[in-house]
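The structure under discussion appears below in the form of structure tokens.
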């Protein structure tokens, strides 16, 4: 369903993630079209999509697909819709999602406000991944390992992001669920109506063909 005829290289994947060749508007229309055509009840499809939206407000970068599927499975939502819901988190929306979640988390945890939110988030994740990679390489060499940077990253960036993303994630997910369910239901009714009309149109033709035989 989601496979390409021509596989993209890693460079093309990165480029497509920042700015798709067809433009983000067309990507959004494509996702909406796919969601409406998914099999299942409007409730399950909308719930699955909302699960994907909620997960995009978490700091588990690289694992959003996995957590979206698990959450949709637990709540009995549509799993494919949950994967499409993660597209709400993209290079255009992530700066707003990240800054909102992180700033709110700082306030909830009593850390106060941060002026350079986005740069601190980017720097924190970059340093964390660099530390993990360096310590992984040290397992096969003689260099000493140090996880002090990860502890600082967890308390200073990851935890506020995680705590602060819950409320806005739930709100935005509820908005998508509430708005998506009636739209999907209306689309399914129209599609079913078109199918029934086609069946009625074909019946006289089949009957006349049988009479001729």
Between residue 166 and residue 130, how high is the FRET efficiency from 1/(1 + (r/R0)^6) when r is the Cβ-Cβ distance and R₀ = 25 Å? Nearest 0.05. 0.35
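Pull out the extension gain between residue 60 and residue 122, defined as 0.36 nm times the separation in residues minus the alpha carbon to alpha carbon distance; nm, one decimal.
Net length gain for the segment: 21.0 nm.
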Evaluate E = 1/(1 + (r/R0)^6) for residue 94 and residue 194, where r is the Cβ-Cβ distance and R0 equals 45 Å; express this FRET efficiency to the nearest 0.05. 0.75
Proxy reagent accessibility, fewest Cβ within 10 Å first, across 115, 130: 115, 130
Quick one: if the Förster radius is 35 Å, what FRET efficiency do residue 155 and residue 178 give, using the C-beta to C-beta distance and rounding to 0.05? 0.50
Could you list 191, 181, 113 so that the one with the fewest beta carbons within 10 Å of its beta carbon is first and the one with the most is last? 113, 191, 181
Determine the gain in length on full extension of the stretch residue 108-residue 73; use 0.36 nm per residue of separation and subtract their C-alpha separation, reporting nm with one decimal. 9.6 nm
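Bear in mind that the values in this text are calculations on the coordinates, not laboratory data. Everything quoted here is computed from the prediction, not taken from an experiment. Cβ coordinates were reconstructed from backbone atoms using ideal geometry, including for glycine residues, and neighbour counts include every protein chain displayed.
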